[in-house]
Amino acid sequence: MAIDLTSLRSALADHLAVVRVVVADTAGSTPREVGAAMLVWKDGQTGTIGGGELEFRAAKAARQQLADGTQQTIERLPLGPALGQCCGGAVTILSEIYRADDLTNLKDVPLHARAVGGQSDMPLAVKRLIAAARNQGVTPTAELLQGWMVEPIAHPTEPVWIYGAGHVGRALVATLSPLPDLAITWVDVAADRFPETPPEDVTCLPAPDPAKAVRLAPDSAHHLVLTYSHVMDLEICHAILSRDFATAGLIGSATKWARFRRRLTALGHGIGEIDRIACPIGDPSLGKHPQAIAVGVASALLKSVAYNNKSNTTHHDRGMSFDRGFAPS
């Protein structure tokens, strides 16, 4: 887990100050992991630290903290004895007030390390984490370390290119855009194809010929093709296969894909490369509703990202399988 600056920036744009409540430490069975966080303001909140009585009390305490102006609080809660929850573990909750000025301090740093509960001198272990993050690009996990809370700053690392701003494209963007690891570029033929107010940090790219926009994507991009035109879809798939890419998916039926495979073969692509494009996208068992397709695609994409991060393989070492999720090929 990492600090989501996009969500924090959005909340602060509407409220002068918010409390960020983060799970700083856990013991035993708990509803969320270290680094899970929520933002709380006077009359609302976003995010979650696990729901239930824990979250209810933490949100109530955060609003009182805002009223009191206390910059930081930390509390350890045994979930069973203190809250009557069945998890049986214990959670340490760190609550801190953030204001717009704090975003400046977090903008260009790889992680946020600060003293908790009266600690002052930075421990050597924390200094080493900071040095590794700055000099070697090593991303630490969120943890409470020797009286200091250390959290990486979320920066989008997985480029996702979505072609088409129709019903399915909009459902996909709405589902994927809250995920802080994804850098979404949304392509369609004209600016008026996009919503008036697209999600924050989604790059809308009007391109009269979307196939030509493919060359602008990085080699590590995940491509999702779902325009209103089969001709356009084929041209985009041809452009994707003509370069390196991470994964690719095409909306359509088995009949459409059979025709596309023949046409892509005629365009000079090998069967092995063509089959790196998954068609249809989504999980067919979920149905054909745009939101159902988006849920299936999001699940597969997250599995791909998690697999890549875990195995440290290159993107092109695996294919896309939407009915079973991304998996090693």
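Throughout, read-outs are computed from the coordinates displayed, never taken from laboratory work. Owing to the predicted nature of the structure, the values given are computational and were not obtained by experimental measurement. Methodologically, a virtual Cβ is constructed for each residue, glycine included, from the backbone with ideal geometry; neighbour enumeration extends over all protein chains shown.
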Practice item. Run through the DSSP bridge list for the chain and note the antiparallel percent, rounded to the nearest 5. Key: 60 percent
Check your understanding: For the charge dipole of the chain, defined by +1 on Lys and Arg C-beta atoms and -1 on Asp and Glu C-beta atoms about the Cα centroid, which residue among Ile251, Val138, Pro198 has the Cα displaced farthest towards the positive pole?
Key -> Ile251
Revision key, fill the gap. For region 1-131 the mean separation of alpha carbon contacts under 8 Å (6+ apart) over residue count, i.e. relative contact order in percent, is 27 percent
Study note, to complete from the structure: note: the chain, Cα-Cα separations exceeding 34 Å make up a percent value of 35 percent
**Study point:** Proximal charge balance of Thr70 [Cβ under 13 Å; K/R count +1, D/E count -1]
**Key:** -2
Practice item. May I ask which residue of Pro208, Gln64, Pro280 lies farthest towards the positive end of the charge dipole of the chain, with charges of +1 (Lys, Arg) and -1 (Asp, Glu) on Cβ and the Cα centre as origin? Key: Pro280
Point to revise | Span from the region 86-113 Cα centroid across to the region 44-64 one, whole angstrom | key: 15 Å
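Per DSSP H run of at least 4 residues, take -39500 (n - 2.57); add these up for the chain, divide by its residues and hand me the 222 nm value, nearest 500 deg cm²/dmol.
So the calculated ellipticity at 222 nm is -10500 deg cm²/dmol.
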Check your understanding: Using modelled amide H (1.01 Å from N, peptide plane; none on Pro or chain starts), what sits under 5 Å from the amide H of Trp161, excluding residues fewer than 5 places away?
Key -> Thr185, His222, His223, Leu224
Point to revise | Simple Cβ-charge dipole of the chain, Lys/Arg +1 and Asp/Glu -1, about Cα centre, in debye nearest 20 | key: 680 debye
Revision key, fill the gap. Here the net charge surrounding Ala142, from other residues whose Cβ is less than 14 Å away from its Cβ (Lys, Arg +1; Asp, Glu -1), is -3
Exercise for review: Along Cα→Cβ, 7 Å out, is where each label goes; now give me the distance between the ones at Arg262 and Glu200 in nm to one decimal.
Suggested key: 5.0 nm
